[in-house]
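Colleague: Below is the structure I would like to discuss, written out as structure tokens.
Here, each number is a calculation from the coordinates, and none is a lab measurement. Bear in mind that the values here come from a model prediction, so they are computed numbers and not experimental data. When we count neighbours, we look across all protein chains shown, and the Cβ atoms used for this are built from the backbone with ideal geometry, even at glycine.
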Amino acid sequence: MAMSQIIQSLGVDNYSRIVILTGAGISVASGLPTFRGEGGIYTEDVEWISDSNNLPGSLPDVWRFYGGRRAQFSEAKPNAGHFAIAELQRRRGPEAVTVITQNVDGLHQRAGCIDVIELHGSLSKTRCTSVDCTSDPFDDWSVYDAPPPCPVCTSPLRPAITLFNEMLSAEADWKSKRALRDVDVFIAVGTSGMVWPAANFVRSAEYVGARTVYVSKDPMTPPNRSFQRSYIGLAEELLSLLLG
């Protein structure tokens, strides 16, 4: 049987509650590297910068590193994988298709997805570091040489992303758990399965009886037995077949 026939046999239009979780792998075709995968950005310095335990001392380095990524992300364009998910959501409606992403690049929204649950925040937003400040995160593609002051309380600002060892936002946590309560097909795309809590989403989906599917360029190591089917290949090629 041809690969296209195997993938199309999933019949996603027969499901009423579809949850799609995406990781960095879906954005590789848009020119954005993964964190730990082949060609990824991981170094010990990057891990130190991305660890919230090193704040506030690491804040200048956070801005230097993620400021450079802002410039890269602002020029990136969605690829066929993003558009396939957006088309499915347009066809079925956001009440039937929930998109959850570990990415901070905003490419799902630029492809046309709505109500995207951004587990790790958005690099296109900036927020205050003070927990007592009344300001809200705001849209901001600016690149700063040093931490800028908050216009409300003058505390340093930071990118509105979730660093390692930080809790997810209450809203993202609640919305993702709600979506997984009654999911009947769960599809993980381009994620390593190593970053929590997203790594446990497939188990939540399995618990409620959902069909579980893994799509990635590389097999998950070690394999996760909660996934019933795995499709190994480029997301930008497979998703149009899988979701079509």
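Colleague: Which lysines, on any chain, are close to residue 77 with Cα under 23 Å apart, when same-chain ones fewer than 8 places away are left out?
Modeller: The qualifying lysines are 125, 217.
Colleague: Still on this model: Quick one: if you stick a label point 7 Å off each Cα along the C-beta vector at residue 182 and residue 195, how many nm between them?
Modeller: Going by the 7 Å Cα→Cβ label model, 3.0 nm.
Colleague: Convert each backbone phi in the range 91-99 into a coupling constant with the Karplus relation 6.51 cos²θ - 1.76 cosθ + 1.60 (shift: θ = phi - 60°), then list the ³J(HN,Hα) values in order as whole Hz, x for Gly and Pro.
Modeller: 3J(HN,Hα) across the range 91-99, in whole Hz: 5, 9, x, x, 6, 9, 10, 9, 9.
Colleague: Give me the distance between the Cα centres of the range 131-146 and the range 202-226, rounded to whole Å.
Modeller: About 36 Å separates the Cα centre of the range 131-146 from the one of the range 202-226.
Colleague: Right, another one. Using 0.36 nm times the number of residues separating residue 71 and residue 154, minus their current alpha carbon distance, what extension gain do you get?
Modeller: My answer for the length gained is 27.4 nm.
Colleague: Can you give the relative contact order of the chain as a percent, counting alpha carbon pairs under 8 Å and 6+ residues apart?
Modeller: Contact order relative to length: 26 percent.
Colleague: Would you kindly give the portion of the calculated P(r) for the range 155-244 that falls above 23 Å, as a percent of all Cα pairs?
Modeller: It works out to 33 percent of all Cα pairs.
Colleague: So, how do all the Cα-to-Cα distances of the range 129-175 break down into 5 Å bins, in percent, from 0 on up?
Modeller: 5, 16, 26, 25, 19, 7, 2
Colleague: I need the calculated FRET efficiency for the pair residue 47 and residue 203, taking r as the beta carbon distance and R₀ as 22 Å, to the nearest 0.05.
Modeller: With R0 = 22 Å, the Cβ-Cβ based efficiency is 0.25.
Colleague: Here's something else I'd like to know. Counting pairs of alpha carbon atoms under 8 Å apart in space and at least six apart in sequence, what relative contact order in percent does the range 117-244 give?
Modeller: Relative CO of the range 117-244 lands at 18 percent.
Colleague: If each of residue 139 and residue 114 carries a label point 7 Å out from its Cα toward its Cβ, how far apart are those two points in nm?
Modeller: A separation of 1.6 nm, rounded to one decimal place.
Colleague: Dipole of the range 92-137, Cα-centred, from +1 at each Lys and Arg C-beta and -1 at each Asp and Glu C-beta, to the nearest 20 debye?
Modeller: In total the dipole reaches around 140 debye.
Colleague: Can you list the residues, at least 5 places off or on another chain, whose amide H is less than 5 Å from the amide H of residue 212, using H built in the peptide plane?
Modeller: Long-range HN contacts for residue 212: 186, 228, 229.
Colleague: Taking only Cα atoms of the range 16-128, what ratio of Rg to Rh do you get with Rh as the Kirkwood inverse-distance radius?
Modeller: When Rh is taken as the Kirkwood radius, the ratio is 1.01.
Colleague: Can you order the peptides 101-111, 142-152 by their average number of other Cβ atoms within 10 Å per residue, highest first?
Modeller: 101-111, 142-152
Colleague: When the helix-only estimate is applied to the chain (DSSP H runs of n ≥ 4, each -39,500 (n - 2.57), divided by the residue count), what is the mean residue ellipticity at 222 nm, nearest 500 deg cm²/dmol?
Modeller: Calculated mean residue ellipticity at 222 nm is -8500 deg cm²/dmol.
Colleague: May I pose another question? Give the distance, in whole Å, between the Cα centre of the range 164-192 and the Cα centre of the range 77-121.
Modeller: Taking the Cα centre of the range 77-121 as reference, the centre of the range 164-192 is 13 Å away.
Colleague: Calculate how many DSSP beta bridges within the chain are antiparallel, expressed in % of all such bridges and rounded to the nearest 5.
Modeller: Roughly 25 percent of the DSSP beta bridges within the chain come out antiparallel.
Colleague: Could I have the simple spin-label model distance between residue 16 and residue 130, label points 7 Å from Cα toward Cβ, reported in nm to one decimal?
Modeller: Between residue 16 and residue 130, the simple spin-label model gives 4.9 nm.
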